[in-house]
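Report on the following structure.
Where a number appears in this text, it was derived from the coordinates with a stated rule and is not lab data. Owing to the predicted nature of the structure, the values given are computational and were not obtained by experimental measurement. Every residue, glycine as well, gets a Cβ built from its backbone with ideal geometry; the counts of neighbours run over all protein chains shown.
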Amino acid sequence: MPPYTPSPAAAGLRVFLTGASSGLGQAFARHYAARGARLGLVARREAALAELAASLPGEHLALAADVGDGAALACAARRYLDEVGVPDIVIANAGVSVGTLTEYAEDLDAFERVLRTNVNGMVASFQPFVAPMRARGSGRLVGIASVAGIRGLPGAGAYSASKAAAIAYLESLRVELRGSGVRVVTLAPGYIATPMTAVNPYPMPFLLPADEAARRMARVIDAGRAYAVVPWQMGIVAGLLRALPNGVFDALFARAGRKPRGLPL
């Protein structure tokens, strides 16, 4: 696959980013804006998005849209293509998380929302850009998965399922685009200090500040690596958990702390 290397100053770099208004997405926005990139910032909260765009160096598009709404996201992508051009990097970062339990009928809506946002929203974030990137022969499609997708965590069935699906989807897309010059990067973060994790009532080992997580992930994106766990220590933990026999894993996690049930965050 031909190498794709942005200039050190990232002059003229074009980045389309979902889930930009808070947490890791906001940290990505600040990182790439500081490098001189022209950003397309996508999030549901229009006011927060406009405030972020105004606080960043350079000129950027604030594109209010819910990634769960395919038509709205397609309109945002079209505006970016028309006004800025084909992005060099698309980061499908938008995601929601909430505790879920299958025995409760009222959690069916939460399952649907989490899967629609975290899986279908990722596909819809990439779709408008695949053909233009392929035609140009370069680009990065970056999906934010999670170590929660490596093994199913109790009380987080919807979130774990969505992130496992994201990992498998990104692998499929990577193989589909092999040889095109378009690289697919799967990032599986551990714990990052964001509003999403602030409600977790259990210890979070190797917790990273969002700005540091974004900086480390940007290095992976620049390198065009196919897959990375950030921080690397969580990669070791995830690998060990994956290797545990089911009986041992079940016994260890049956009484593990769980995210509160409620509306997805």
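Most exposed first by the Cβ proxy, i.e. fewest other Cβ within 10 Å, how do Phe126, Phe16 rank? Mind showing how you got there, number by number?
On the way: Phe126 22, Phe16 29.
Sorted ascending by nearby Cβ count, the order is Phe126, Phe16.
Quick one: Debye curve from the C-alpha atoms of the range 87-169, no solvent, what's log10 I(q)/I(0) at q = 0.24 Å⁻¹?
Treating every Cα as an identical point scatterer, log10 I(q)/I(0) equals -1.06.
Evaluate E = 1/(1 + (r/R0)^6) for Phe249 and Glu59, where r is the Cβ-Cβ distance and R0 equals 35 Å; express this FRET efficiency to the nearest 0.05. Don't skip to the answer; put the middle values down first.
Details: r = 49 Å, r/R0 = 1.41.
With a Förster radius of 35 Å, E is 0.10.
I'd like the orientation of helix 70-83 relative to the chain: the angle between its Cα long axis and the longest Cα principal axis, in ° from 0 to 90, rounded to 10.
The helix 70-83 is inclined about 30 degrees to the chain.
What span do the alpha-carbon atoms of the chain cover on each of the three principal axes, reported in whole Å from largest to smallest?
Here the Cα extents, ordered largest to smallest, are 52, 39, 30 Å.
At 7 Å along Cα-to-Cβ for each site, give me the label-to-label distance between Leu101 and Glu176 in nm.
3.8 nm
What 222 nm value per residue comes from the helices of the chain, counting each DSSP H run with n ≥ 4 as -39,500 (n - 2.57) and dividing by all residues, nearest 500 deg cm²/dmol? Don't jump to the answer; show the numbers that get you there.
Values: 9 runs with 114 residues, N = 265.
Counting only the DSSP helices, I get -13500 deg cm²/dmol.
I'd like the orientation of helix 210-223 relative to the chain: the angle between its Cα long axis and the longest Cα principal axis, in ° from 0 to 90, rounded to 10.
Around 60 degrees separate the two axes.
Would you mind computing Rg(Cα) / (2.2 N^0.38 Å) for the range 14-73, counting N as its residues? Write down the numbers at each step before the final one.
On the way: Rg = 10.4 Å, N = 60, 2.2 N^0.38 = 10.4 Å.
Expressed relative to 2.2 N^0.38 Å, the Cα Rg reads 0.99.
Starting with the highest mean, order 153-163, 65-75 by the number of other Cβ atoms within 10 Å, averaged over the residues of each peptide.
On the way: 153-163: 22.2, 65-75: 18.2.
So the peptides 153-163, 65-75, ranked by packing, come out 153-163, 65-75.
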